[in-house]
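Since the structure comes first, as structure tokens, the remarks are kept for the end.
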Amino acid sequence: MPGRAATFAQAAAALMAVLAVLAGRIDPARAQPLVFDLSDHLIAISTAFTGTEVVAFGALDEASDVVIVVMGPPRRVVVRRAEPIAGVWVNRESLTFVDVPTFYGVATNRPIEEIASVTALERHGIGLEHLQLQPEDGTEADPDTVEAFRQALIEDMQRRGVFGVDIGQVAFLGDRLFRTTISFPANVPTGQFQVSAYVFRDGTMLTAQTSPLVVSKIGLGAEIYWFAQVHAAAYGVIAIVIAVVAGWLAGVVFRR
Amino acid sequence: MTVYLPIAEMTVHALLILGMGCAVGFLSGLFGVGGGFLMTPLLIFIGIPPAVAVGTQSNQLVAASVSGVLAHWRRGNVDVKLGLVMLGGSTVGTIGGVLLFGLLQRLGQIDLVINLSYVFFLGLISSLMLVESLRSMLRRRARKGGGGKLHNHTLLHGLPMKMRFPRSRLYVSALLPFGIGFLGGVLVAIMGIGGGFFLVPAMIYLLGMPATLVAGTSLFQIIFSTGIATFLHAYQNHTVDILLAILLLAGGVLGAQFGTRASGRLPSDQSRLLLALLVAGVCVKLAIDLFSTPPTPFGIEILNHVMVVGT
């Protein structure tokens with residue numbers, strides 16, 4: 001068959017090309033400045049989930065600094081500020097931020113301020129203080145207010161343990177191979193995560209690569225959650241039936 | 001042993017929840033109240049989102065009131081006709097309350113309203129009970145036989161739509177039990193309580209119902225109002241956590257048995273005094289929270305994906 005013969009010829013040519021490259025260059029990694037992946041692309045949350053770890057690893061072509069940023073799925077977040085009215089604290093002003101990552105953690109091989117300048121970090125939005133958080137369109141609040149609300153949002157997420165988490169440190173094996181263990185807490189949000197590796201040398205970012213990570217509920221918990229969302233009415237009826245049966249059983253068993 | 005709660009989206013220790021259910025169940029068995037007014041604040045305290053605490057609590061109360069009403073039913077202590085009139089009111093109240101709950105949630109004022117209603121109702125009820133139980137303790141000591149009229153004629157007896165309730169030997173306006181039911185329904189929806197601590201005194205003092213029928217009739221009515229609230233919270237707000245409800249239920253059933261046994265050894269006026277003090281304690285704690293300066297004036301809420309169709 002001519003089609004298959006052509007494919008075979010192409011494959012052979014490609015193989016020859018690769019071999020030529022390998023023969024010419026002693027270090028194949030040099031062809032790619034960064035190779036990066038995760039040990040797992042799915043975190044399954046079962047009913048006994050108490051947090052988990054994922055290994056991020058990769059190889060560089062030259063000794064450099066590595067910054068790994070983990071970002072949770074973006075959501076809209078409302079920040080409200082309470083003021084005392086007649087002594088009672090009442091929510092007054094509110095500001096909605098869009099595309100707020102629901103999880104944010106950074107791992108580095110040495111203190112981040114030694115790796116890159118503030119300007120560079122700001123440009124790439126690396127680190128909590130440089131995280132880009134924008135209020136939704138049409139917000140009339142002045143910059144000072146926005147900054148205060150932004151700060152409050154970050155502090156609240158830190159208290160929840162989903163922002164600025166100490167996800168671990170990047171360790172090097174030799175000059176080229178790196179790895180880090182990212183720990184996720186029990187209250188990790190669900191959805192599509194982005195794990196990015198940034199390579200810095202002498203304060204400049206050379207390259208970056210992003211790997212997806214899905215956090216998803218599985219098993220009974222996932223089934224219940226899904227059912228409660230999709231068949232809300234049936235879920236409500238089942239909840240009532242379970243309660244009535246349980247209450248009736250209790251009343252009969254412990255008959256006074 | 002840890003358990004992941006699918007709707008609350010958090011991991012909890014099963015024993016902690018069972019223990020809480022057991023402790024509150026004990027108190028509810030001891031005092032003959034639902035215990036929702038203790039459980040909802042406790043759930044919020046351990047980190048369950050307030051909306052999930054209220055929704056789940058209403059589910060748990062369905063079971064608690066079913067098992068509670070059985071004993072009263074066997075003794076014939078349920079006035080079904082009066083209960084149904086109250087149920088009419090509480091259905092309207094619960095539906096309105098759940099809608100109001102959703103509205104306040106969007107406005108970011110739900111926590112404040114929950115706390116304010118707790119402080120107001122718990123304060124009112126505890127002071128009424130305190131005065132009443134102290135008075136009856138004094139009376140018991142004085143050993144004065146109580147004469148007096150069967151019931152006092154007040155403005156409330158001038159309301160239209162009078163109806164006969166033979167079981168309770170009452171001839172009152174249907175608007176009265178309907179109104180009490182309505183307010184009870186609002187409380188179920190907003191506060192995640194059965195509302196027994198409001199219904200029982202209201203039925204005794206406002207309706208003048210025989211005390212033997214009050215507990216059974218209010219429980220009978222609470223089954224339906226908490227059932228409606230459960231359905232609406234599940235359907236509209238997705239805030240009913242079946243797993244959490246089952247854990248609370250298991251602990252509650254166990255605790256209630258011990259509580260009921262213990263209640264036999266406690267004179268009723270003393271038990272009412274203790275309950276009044278307990279309610280007052282919760283009220284004072286919540287009032288302090290309301291007035292004290294929070295660690296931060298800011299609060300955040302992460303919104304779920306909401307599909308906005310058009311603009």
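The values are calculated or read from the model by the stated rules, or taken from the named source; none is laboratory data. None of these values were measured; they are calculated from a predicted model. FYI the Cβ positions are ideal-geometry reconstructions off the backbone, even for glycines, and counts take in every protein chain you see.
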Tabulated pairs, region A:35-47, first over 27 Å from residue A:66 (Cβ atoms), second buried (at least 18 other Cβ atoms within 10 Å of the Cβ) and of a type in the set (Gly, Ala, Ser), C-beta under 6 angstrom, 6+ apart or interchain: A:47/A:221
Qualifying residues in region A:216-233 (those that are among the small types (Gly, Ala, Ser) and more than 14 Å from residue B:9 (Cβ to Cβ)) - the one surrounded by the fewest Cβ atoms within 10 Å (Cβ to Cβ): A:233
Any hit, region B:200-221, residues being surrounded by 24 or more Cβ atoms within 10 Å (Cβ to Cβ), in contact with a helix residue (DSSP H, G or I) (Cβ under 6 Å, 6 or more places away or on another chain) and within 14 Å of another protein chain (Cβ to nearest Cβ): yes
Counted residues, region B:208-226 - those being in a helix (DSSP H, G or I) and farther than 20 Å from residue B:94 by Cβ: 6
Among (1) in a helix (DSSP H, G or I); (2) among the aliphatic types (A, V, I, L, M); (3) more than 7 Å from chain B (Cβ to nearest Cβ), the one test that residue A:246 misses: (3)
Residue in region A:53-75 that is within 8 Å of another protein chain (Cβ to nearest Cβ), closer than 30 Å to residue B:241 by Cα and in a strand (DSSP E or B) present: yes
Residues satisfying the stated conditions in region A:106-126, i.e. over 18 Å from residue A:63 (Cα atoms), crowded, with 19+ Cβ neighbours inside 10 Å and touching an Asp or Glu at 6+ places or on another chain (Cβ under 9 Å): A:121
Some residue of region A:108-123 being within 14 Å of chain B (Cβ to nearest Cβ) and either in contact (Cβ under 8 Å) with a residue 24 or more places away in the chain or acidic (Asp, Glu) (or both): no
Region B:94-106 - residue that is at pLDDT 85 or above and either in contact with a Phe, Trp or Tyr (Cβ under 6 Å, 6 or more places away or on another chain) or within 12 Å of another protein chain (Cβ to nearest Cβ) (or both) and, of those, farthest from residue A:96 (Cα to Cα): B:98
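Each row is one residue, and each column tells you yes or no for (1) surrounded by 14 or more Cβ atoms within 10 Å (Cβ to Cβ); (2) of a type in the set (Gly, Ala, Ser); (3) not in a strand (DSSP E or B).
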| site | (1), (2), (3) |
| --- | --- |
| A:146 | yes, no, yes |
| A:169 | no, no, yes |
| A:188 | yes, no, yes |
| A:193 | yes, no, no |
| A:214 | yes, no, no |
| A:235 | yes, no, yes |
Search result, residues across region B:124-142 that are crowded, with 17+ Cβ neighbours inside 10 Å and out of contact with any Asp or Glu (no Cβ under 6 Å at 6 or more places or on another chain): B:125, B:126, B:129, B:130, B:132
Residue in region B:288-295 that is of a type in the set (Val, Ile, Thr), surrounded by fewer than 17 Cβ atoms within 10 Å (Cβ to Cβ) and either at negative phi or modelled with pLDDT under 75 (or both) present: yes
Residues of region A:43-52 satisfying the condition of being within 24 Å of residue A:106 (Cβ to Cβ) and outside any strand (DSSP E or B): A:49, A:50, A:51
Criterion: away from chain B (no Cβ under 11 Å), within 17 Å of the chain's Cα centre (by Cα) and among the small types (Gly, Ala, Ser) - qualifying residue of A:138, A:127: A:127
Out of B:245, B:287, B:276, B:229, sole residue that is more than 8 Å from chain A (Cβ to nearest Cβ), in a helix (DSSP H, G or I) and either more than 19 Å from residue B:110 (Cβ to Cβ) or hydroxyl-bearing (Ser, Thr, Tyr) (or both): B:276
